[in-house]
1. State all residues of the stretch 34-60 that are buried (at least 18 other Cβ atoms within 10 Å of the Cβ), over 22 Å from residue 80 (Cα atoms) and either free of Cβ contacts under 8 Å to residues at least 40 places away in the same chain or out of contact with any Gly (no Cβ under 8 Å at 6 or more places or on another chain) (or both); if no residue qualifies, say none.
2. Is it the case that some residue within the stretch 63-84 is touching a Ser or Thr at 6+ places or on another chain (Cβ under 8 Å), acidic (Asp, Glu) and at pLDDT 90 or above?
3. Kindly establish whether residue 97 is buried (at least 16 other Cβ atoms within 10 Å of the Cβ), at pLDDT below 95, β-branched (Val, Ile, Thr) and in contact with a strand residue (DSSP E or B) (Cβ under 9 Å, 6 or more places away or on another chain).
4. Considering only residues of the stretch 87-104 that are touching a Pro at 6+ places or on another chain (Cβ under 8 Å) and of a type in the set (A, V, I, L, M, F, W, C), which is nearest to residue 143 (Cα to Cα)?
5. Can you name the residue in the stretch 101-111 that is surrounded by 16 or more Cβ atoms within 10 Å (Cβ to Cβ) and over 18 Å from residue 129 (Cβ atoms) and, of all such residues, is modelled with the highest pLDDT?
6. From the list 113, 145, 56, 99, which residue is over 17 Å from residue 32 (Cβ atoms) and not hydroxyl-bearing (Ser, Thr, Tyr)?
7. Where residues in the stretch 81-90 are over 16 Å from residue 49 (Cβ atoms) and in contact (Cβ under 8 Å) with a residue 40 or more places away in the chain, which of them is surrounded by the most Cβ atoms within 10 Å (Cβ to Cβ)?
8. Answer yes or no: is there a residue in the stretch 118-126 that is under 18 Å from residue 31 (Cβ atoms) and surrounded by fewer than 16 Cβ atoms within 10 Å (Cβ to Cβ).
Amino acid sequence: MAAKTLVVACILVLGMCVVRNSQADPTHAFCRIVWLLGVPCDQVNMAIVTQIKAMGSYKLGPVTPTVIQANHTSAVGQIESVNFTMTATSMSLGCHVDGSSVSAFWFSLFDNGTNYCNLRNIMQGSGLTKAPGFVEFTNEWLCLGVGLSACK
């Protein structure tokens, strides 16, 4: 019972940190996701960069060992800014990944999960969703339309 309480408390604290640090413009559709993986960040970085390069609708921007920036252009010409920030965790040499996708246009406030799918498709295509310790944290407050998303 104590372990379950500790896990719930940790999730609540993580959620408060994510909300506090959110920099999304409230007039644009956005999504913010936190992933925890039991894989070193350099491997996570390489997997994400490789996947972005393989996807034709993404244009890779600046890449550092801790930050990956890209733009996604949808079939209808909508542009979203996609970013991944990686921080090493002390537990089992894992990686904490903070992903965000923000639509460029103010009129795309309700995007039916497009921004969620931008991030999820990269993570899934890279194989990281099957990595040891993979956990995803998000909700409707952090990721507009996540409940409506139907990622392809």
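1. Selection gives 41 alone.
2. yes
3. Details: buried (at least 16 other Cβ atoms within 10 Å of the Cβ): yes; at pLDDT below 95: no; β-branched (Val, Ile, Thr): yes; in contact with a strand residue (DSSP E or B) (Cβ under 9 Å, 6 or more places away or on another chain): yes.
Against the criterion (buried (at least 16 other Cβ atoms within 10 Å of the Cβ), at pLDDT below 95, β-branched (Val, Ile, Thr) and in contact with a strand residue (DSSP E or B) (Cβ under 9 Å, 6 or more places away or on another chain)), residue 97 does not qualify.
4. Per the criteria, the residue is 95.
5. Keep residues of the stretch 101-111 that are surrounded by 16 or more Cβ atoms within 10 Å (Cβ to Cβ), which gives 101-103, 108, 111.
If we keep only those that are over 18 Å from residue 129 (Cβ atoms) too, we end up with 102-103, 108, 111.
Values: 102: 90, 103: 86, 108: 53, 111: 64.
Across the stretch 101-111, the extreme among qualifying residues is 102.
6. Testing whether each residue is over 17 Å from residue 32 (Cβ atoms) and not hydroxyl-bearing (Ser, Thr, Tyr) leaves just 56.
7. Kept after step one, since they are over 16 Å from residue 49 (Cβ atoms), are these residues of the stretch 81-90: 81, 87-90.
Next, only the ones that are in contact (Cβ under 8 Å) with a residue 40 or more places away in the chain stay: 87-89.
Values: 87: 11, 88: 14, 89: 16.
Applying the filter and picking the extreme gives 89.
8. We begin by selecting, within the stretch 118-126, every residue under 18 Å from residue 31 (Cβ atoms); these are 118-126.
Pick out the ones that are also surrounded by fewer than 16 Cβ atoms within 10 Å (Cβ to Cβ) and you get 124.
Checked the stretch 118-126: at least one residue is under 18 Å from residue 31 (Cβ atoms) and surrounded by fewer than 16 Cβ atoms within 10 Å (Cβ to Cβ).
The values are calculated or read from the model by the stated rules, or taken from the named source; none is laboratory data. For clarity, every value in this text was computed on a predicted model and none was experimentally measured. Using ideal geometry, Cβ is built from the backbone for each residue, glycine included, and neighbour counts are taken over all protein chains shown.
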